[in-house]
Each structure stands twice: as structure tokens, then as C-alpha cells.
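Peer 1: Below you'll find the structure I mean.
The values are calculated or read from the model by the stated rules, or taken from the named source; none is laboratory data. All figures in this text were calculated on a predicted structure; none of them were measured in a lab. Here Cβ is always computed from backbone atoms with ideal geometry, including for glycine, and neighbour counts include all displayed protein chains.
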Amino acid sequence: MEDGIRGGVAVVTGAGRGIGAAVAGALASAGATVAALDLDADGLTRVAAGADGRIVPFTLDVTDSAAVADVVDRVERELGPITIGVPVAGILRPGSVCETSDEDWTATFAVNTTGVFTLLREISRRMVPRGEGALVTVGSNAAGVPRMGMAAYAASKAATTMLTRCLGLELAGSGIRCNVVSPGSTDTDMQRLLWTDENGAARVIAGDPGQFRAGIPLGRIADPADIADAVLFLASARARHITMQNLYVDGGATLRA
């Protein structure tokens, strides 16, 4: 564990596809045993294939707090003490505030905020007595910049960002670091749901003045691996003196507002 990753046990939610799958794969390649959590059992099977047993699938609904606690217990019994936790699971239900239903608001916070809270709480309770660990929440740059039609998503990610930073303050004395990686537009199924035709990526890169949205200065949509690399760094011993920080990985899209 000299590098903070190799030989450790990592838990990653939302690991069945997209950023979560990339994070699970990166941690496994770096030598961790990864408990991959997701509702999508087929996706988990695909992610675990070819990982030489380093990615172990656990089907889980992160909105079920009892199930989260049970899976964390199982991971510690079956794989060993958890050293890294990365909540990635998230949902996006676009719509203006006036159009957002109670169900959409509740579901968004249940996954994006409460699900993260439950996972971080359960892992933290086990890390504290051991006096070490790294927790990296995957948030969103939408948590820091207003977005039209994304109020529920942005608010849930803003809450999760502050949750993680507050946890970092509480756990610092126990040697546990808590950080956030905030992606911008990334080539995932969630991103593609927002595109109406084959020019969707080009429009995101160019920006939309009508939506008061800047483009991406670096001129490209992120790949999930770009986000995974940032998570890998913050989970590693190379970031041993970094905690309570929020790293934007968005090609400069928010101008770090």
C-alpha cells in the first residue's frame, strides 16, 4: 500500500458503466481489489470480465440504506478492510424548476445525495478505527455554476460536494482524506441523453449563449478515463496532503467560477 492503492480494497458505486466503470477499471489496474456496485447486474458482469478477479460485482440499489450497509459488511468480510471509497452513481432528470415533479426531485436526491451519504457513512465508520483511508466523491461542475433545466441535479451535486468536504474535516484527525472530483461534459450515456442529433458533442464544445452556457476551452468532451485518472490521483499516496478539495475536470468549461 505504499502508493495508497496497490493491495487495497476499493468500493465504487455506479460501476456498471460510464465513469464508474472507468474508475473501477483504473483502480483494478493500479492493483486494488475493487468491489463494483451497481443496479445493472449485466453491466457489472461486463466490467468484471477480463479483470483477473480484481473487480468483484455486487448488485446494489444505493437508495436502500440497509442494503448499502449490508454490502459494505460483505465487502469487508469477503475482500478485506476497505481502504478507498468512490461514490459515482448518479441520475439526471432534466427539467426546469417549474416542470420538475416531486418524484423527480426526490429520486434525484435519493441517488445523488442520500445514496452518497449512506455509502460514505458506512465506510467511514469502519475506516475511523483503522486510522486510514481515502474517499473520493464524483460530483459535477454543475454544482458550482447554475444550469438551465438542471436545478435538481445541480442542487443534489452541490449538497453532495459540501457533504464530502464536511466529512473531510470531521475525519482529518483520523488520517482519512475526503475529496471531490467534479467532471464537466463527459462522453457517457447520461451525456448523450441530452443530445438531440449527431451534432450534440459539437454544440456542447461550442457552448450556447441562449442557455448562458460557456463552451469547453480545451475543445473536447471528456472521456470517462479522464475522470478516472483524477480519482486515481486523489485516492493515491501522491495526494497524501490533499483533503476537502474539489477538483474540476471539465476542460475549463466553468472558467472555475
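Peer 1: When only residues in segment 137-151 that are among the β-branched types (V, I, T) and modelled with pLDDT of 95 or more count, which is farthest from E99 (Cα to Cα)?
Peer 2: Residues of segment 137-151 among the β-branched types (V, I, T): 137-138, 145.
Remaining after also requiring modelled with pLDDT of 95 or more: 137-138.
Details: T137: 28, V138: 27 Å.
Across segment 137-151, the extreme among qualifying residues is T137.
Peer 1: Moving to a separate point now. Quick one: which of S174, S182 is surrounded by 13 or more Cβ atoms within 10 Å (Cβ to Cβ), touching a Ser or Thr at 6+ places or on another chain (Cβ under 6 Å) and either within 21 Å of R130 (Cα to Cα) or at pLDDT 85 or above (or both)?
Peer 2: Numbers: S174 fails: touching a Ser or Thr at 6+ places or on another chain (Cβ under 6 Å).
When all the criteria are applied, what remains is S182.
Peer 1: Which of the residues belonging to segment 125-163 are of a type outside the set (A, V, I, L, M, F, W, C) and more than 21 Å from A253 (Cβ to Cβ)?
Peer 2: Within segment 125-163, the first condition is being of a type outside the set (A, V, I, L, M, F, W, C), and the residues that meet it are 125-126, 129-133, 137, 139-141, 144, 146-147, 149, 153, 156-157, 160-161.
Answer for segment 125-163, where residues must be of a type outside the set (A, V, I, L, M, F, W, C) and more than 21 Å from A253 (Cβ to Cβ): R125, R126, P129, R130, G131, E132, G133.
Peer 1: With the condition kept exactly as written, say whether any residue in segment 72-90 is touching a strand residue (DSSP E or B) at 6+ places or on another chain (Cβ under 7 Å), more than 20 Å from T254 (Cα to Cα), in a loop (DSSP other than H, G, I, E, B) and among the hydroxyl-bearing types (S, T, Y).
Peer 2: Yes, there is a match, as at least one residue in segment 72-90 is touching a strand residue (DSSP E or B) at 6+ places or on another chain (Cβ under 7 Å), more than 20 Å from T254 (Cα to Cα), in a loop (DSSP other than H, G, I, E, B) and among the hydroxyl-bearing types (S, T, Y).
Peer 1: Contact list please: Cβ distance under 9 Å, first residue in segment 210-224 and within 8 Å of A253 (Cβ to Cβ), second residue part of a loop (DSSP other than H, G, I, E, B) and of a type in the set (D, E), pairs at least six apart or on different chains.
Peer 2: From segment 210-224, the pairs are I216/D250.
Peer 1: Scan segment 102-117 and tell me whether some residue there is of a type in the set (V, I, T), part of a strand (DSSP E or B) and either under 27 Å from D42 (Cα atoms) or out of contact with any Leu (no Cβ under 8 Å at 6 or more places or on another chain) (or both).
Peer 2: In the first step, residues of segment 102-117 are kept if they are of a type in the set (V, I, T); the result is 106, 108, 111, 113-114, 116.
Retained after the next criterion (residues that are part of a strand (DSSP E or B)): none.
No: zero hits.
Peer 1: Right, something else. Is it the case that segment 50-61 has a residue that's surrounded by fewer than 16 Cβ atoms within 10 Å (Cβ to Cβ) and closer than 23 Å to I176 by Cβ?
Peer 2: No: segment 50-61 contains no residue that is surrounded by fewer than 16 Cβ atoms within 10 Å (Cβ to Cβ) and closer than 23 Å to I176 by Cβ.
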